[in-house]
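Below: the structure, in structure tokens.
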Ligand SMILES: [Zn+2]
Ligand SMILES: [Zn+2]
């Protein structure tokens, strides 16, 4: 591989990573966890904002409010809690079934994927124009990270580390032991504890957007109690 190919690949990946991380952080804050008054504005034009309303419902209401109420690693406190949510989702028809199939919004699903991926797409022609084919390949690899992490990594961030090691496929388990993914797990724990910060799975954007909150001794103590790694 020539130096210019490697250079373009690296530049494309670095640019794509920056865009992916910033947009993930911003979309998570302003769409997935949008405040109620924003949702009220969307609801005036329900057809236009349908996908945003659905994404916010599945993430903010189902993932943050209706599940993991006891703690970060316990999805339901009882069968009756799960049944009550199933009932609510059944009333929402097809979207409710999609949410159930995604293990209650733990994995990326349906319109959620669209909302995550669509804002990233303008970066592709821009890279093709400036860095050519290899740069575009590097950029696309980085842009694929937010949906990939949401789908394949996020479920294991809601498990004690030892359980994640047992249940994750071998490659995922290897990744989860690395520094980057251990930091991701801590960041995600912090997001569930303090909803207004730590939006990233693709790390970096929160820091640049001043939305990063570092864990205190008490946060770390709680993580340790739940069996999450804090090193
Ligand atoms: Zn969230
Ligand atoms: Zn989560």
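Quick rundown of the values:
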{"item": "Tally, over the range 50-66, of residues that are crowded, with 18+ Cβ neighbours inside 10 Å and over 16 Å from the mean Cα position of the chain (by Cα)", "result": "2"}
{"item": "Top-ranked residue in the range 131-154 [being within 16 Å of ligand 1 (Cβ to nearest atom) and touching a residue at least 40 places away in the same chain (Cβ under 8 Å); ranked as nearest to residue 177 (Cα to Cα)]", "result": "153"}
{"item": "Criterion: over 21 Å from the mean Cα position of the chain (by Cα) and surrounded by 13 or more Cβ atoms within 10 Å (Cβ to Cβ) - qualifying residue of 105, 128, 123", "result": "128"}
{"item": "Within the range 61-130, helices (runs of 4 or more DSSP H) holding 1 or more residues that are closer than 23 Å to residue 50 by Cβ, away from ligand 1 (no atom under 16 Å from the Cβ) and touching a residue at least 60 places away in the same chain (Cβ under 8 Å)", "result": "110-117"}
{"item": "Failed criterion for residue 41 (all others in (1) crowded, with 20+ Cβ neighbours inside 10 Å; (2) away from ligand 2 (no atom under 16 Å from the Cβ); (3) modelled with pLDDT of 95 or more hold)", "result": "(1)"}
{"item": "From the options 209, 193, residue that is under 21 Å from residue 23 (Cα atoms) and in contact with a helix residue (DSSP H, G or I) (Cβ under 7 Å, 6 or more places away or on another chain)", "result": "209"}
{"item": "Helices (runs of 4 or more DSSP H) within the range 155-231 that include 3 or more residues closer than 21 Å to residue 116 by Cα and free of Cβ contacts under 8 Å to residues at least 60 places away in the same chain", "result": "179-193"}
{"item": "Flag if residue 21 is more than 16 Å from ligand 2 (Cβ to nearest atom), under 18 Å from the mean Cα position of the chain (by Cα), closer than 30 Å to residue 225 by Cα and part of a helix (DSSP H, G or I)", "result": "yes"}
{"item": "Some residue of the range 26-37 being away from ligand 1 (no atom under 15 Å from the Cβ) and surrounded by 14 or more Cβ atoms within 10 Å (Cβ to Cβ)", "result": "no"}
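The values are calculated or read from the model by the stated rules, or taken from the named source; none is laboratory data. Remember, it's a predicted structure, so these values are computed and weren't measured experimentally. Note that we place each Cβ from the backbone using ideal geometry, even for glycine, and neighbour counts take in every protein chain shown.
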